[in-house]
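Here is the structure we will look at.
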Amino acid sequence: MSVHTSGILLARDRVVREDYGDWQTDYKFAKSVCLYLKSKGVTPNVIVEPTCGVGNFIAAAIDVFDTVEKVYGIEIFDEYISRTEQKLQEYANRNRISCFELYNTNVFTFDFGKIANENQDKNILVLGNPPWVTNSGLGKTDGNNLPAKGNMYGHRGIEAITGKGNFDIAESVCNMIIDAFSKHHNTHMALLVKNSVIKNILYKQHAHPRCIQDIRQLCFDAKKEFNVAVSASLFECRIGGDHQSQCESYDFYTKRYSHTFGWINDAFVSNIQDYGATGFLDGKSQLTWRSGIKHDCSKVMELSFDGTVYVNGLKEVVDIDDDTIFPLLKSSDIGKGIKGVRKYIVLPQTNISKNTSILKNKAPRTYSYLLSHAAYLDGRKSIIYRNKPRFSVFGLGDYSFAPYKIVISALYSDLTFSLVGPIAGKPVMVDDTCYLLGFQKKEYAELTLFILQSDILKRFMRNLCFMDAKRIVSRELLMRINLYQLSKSVDYAGMNISQTKICEYQNWLYIQTTPSLFD
């Protein structure tokens, strides 16, 4: 990271960060990475940095490795290229390297295969710090440092729309490098990336394997090194040969081993060592977990209630039809256990396909309210609202109106499940940072909550969850919980319920059928 003595980024630097995903690596930290690699026996003849910035990583590598002969650097920002060139020319003048090649271009248009072919008999080290942003993040600023558009992992339409089509730029860089050097006999890769990038690459090894071995993540303090609040690591591996699908995790500073994550048989887990004791719960949920309601317009759709009047996020008193207002829980309300309802939500539909024009007659005050705030609602950018009825929301169905719900936040590491019932005769909704199971029968909801609160289930979830992820809990993860097996493994002594009722509940679970996740 570039050092700014004032602690305030210049306007130009801020634009560079946003448009290029740019966090420059401090020389001292870059050198510590190179010293670690040297201690592991890495002896490169050729250094390749895919996004070389001002050249701190390249300089550190030349200073640490006395085997370096040639350097390749690629960088889209022309001022950075000039600064890197000055450094490398000094090294060349002192005969520390024999030659270097710098390319002022988009990394995604560069042919890395050319480097592999030119250096077949050399030890190659690809190192550096690729952009720490997603493709959608760069898209917001019209950044042009992007790979070609495409659905590289074949996500279904709804998956791509709701987030799986988004990916880190660094992930794409890593995959490019791995593919380009996969047939080179001795290539080592060491890149600073977000932990989510490493997890994603390992996850995709199952269906789309790439030739990487000896995979390690060395976690460092990104706040300390880059002043960024994100979980990040040195991602290290050898390219070529066999393809492995497990990664050992260490602390970068102490080099102390932590755990191993990745694939074990057909299961992707965060802690392979402990997974075996809980793996019997891994399967398919007999009940369908659902995401909460997505509306992307909290100023209009979410209301506060002081006991007398409703007020929206624009500080306006709102007068709408009562049958379109429902209590709402958000992640902060349930993440560490139920705190109570703070917000209410305006629902223009009872399912996502229902035409909202019926509100003109059915709920005229609500329709007038939505119409008067149409600029906010019509301005929502997500593709999920395209070709849908005006003012639509997403993540709404019959399950939303079930009287009893078990809910969990996607964002909290506590992994706390809670049961919520109707408030003033109305079912409680949750937002799209939460997941839910809907129940018509309170007794079954209570039994399900009981088994979900068991120690064995929490242990199982901790073996699947990545606690440094933005969304710690996912719908995919929840759908892996075999509730029937869980119901057979817990001790019901804490519940005042007969064995007959327990058996009835277990039989009910057994006969449930789960539709597609995206039905």
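Compactness of region 250-335 was expressed as the Cα radius of gyration divided by 2.2 N^0.38 Å, which yields 1.90.
Set the bar at 29 Å for Cα to Cα. Now go through LYS87/LYS114; LYS87/LYS199; LYS343/LYS488; LYS199/LYS224; LYS294/LYS488 and name every pair that lies beyond it. Check vs 29 Å cut-off fails for LYS87/LYS199; LYS343/LYS488; LYS294/LYS488. Is the shape of region 234-273 rounded, prolate or oblate, going by the alpha carbon gyration tensor and its root eigenvalues a ≥ b ≥ c, with a/c under 1.5 for rounded and a/b larger than b/c for prolate? Note, shape of region 234-273 comes out oblate. Modelled label positions at LYS381 and THR350, each set 7 Å beyond Cα in the direction of Cβ, lie 3.5 nm from each other.
Computed over protein heavy atoms with a 1.4 Å probe, the carbon and sulfur contribution to the accessible area of the chain reaches 49%. Separation of the alpha carbons by more than 23 angstrom is noted, of LYS315/LYS362; LYS360/LYS405; LYS204/LYS330; LYS40/LYS255; LYS330/LYS405, for LYS315/LYS362; LYS360/LYS405; LYS204/LYS330. The percentage of C-alpha pairs in the chain whose separation is greater than 44 Å is 28%. Heavy atoms of the protein chains alone define the surface here; on that basis region 320-448 has 43 Å² accessible area per residue at 1.4 Å probe size. Entry comment: accessible area of region 223-282 is 47 Å² per residue, from protein heavy atoms only and a probe of 1.4 Å. Of the three principal axes defined by the Cα atoms of region 334-379, the extents in descending order read 40, 22, 19 Å.
The values are calculated or read from the model by the stated rules, or taken from the named source; none is laboratory data. Treat the numbers as computed from the prediction; the structure is a model and nothing was measured. When we count neighbours, we look across all protein chains shown, and the Cβ atoms used for this are built from the backbone with ideal geometry, even at glycine. Heavy atoms of the whole protein, side chains included, go into the accessibility calculation; ligands, DNA and RNA do not. Shrake-Rupley method; radii C 1.70, N 1.55, O 1.52, S 1.80 Å.
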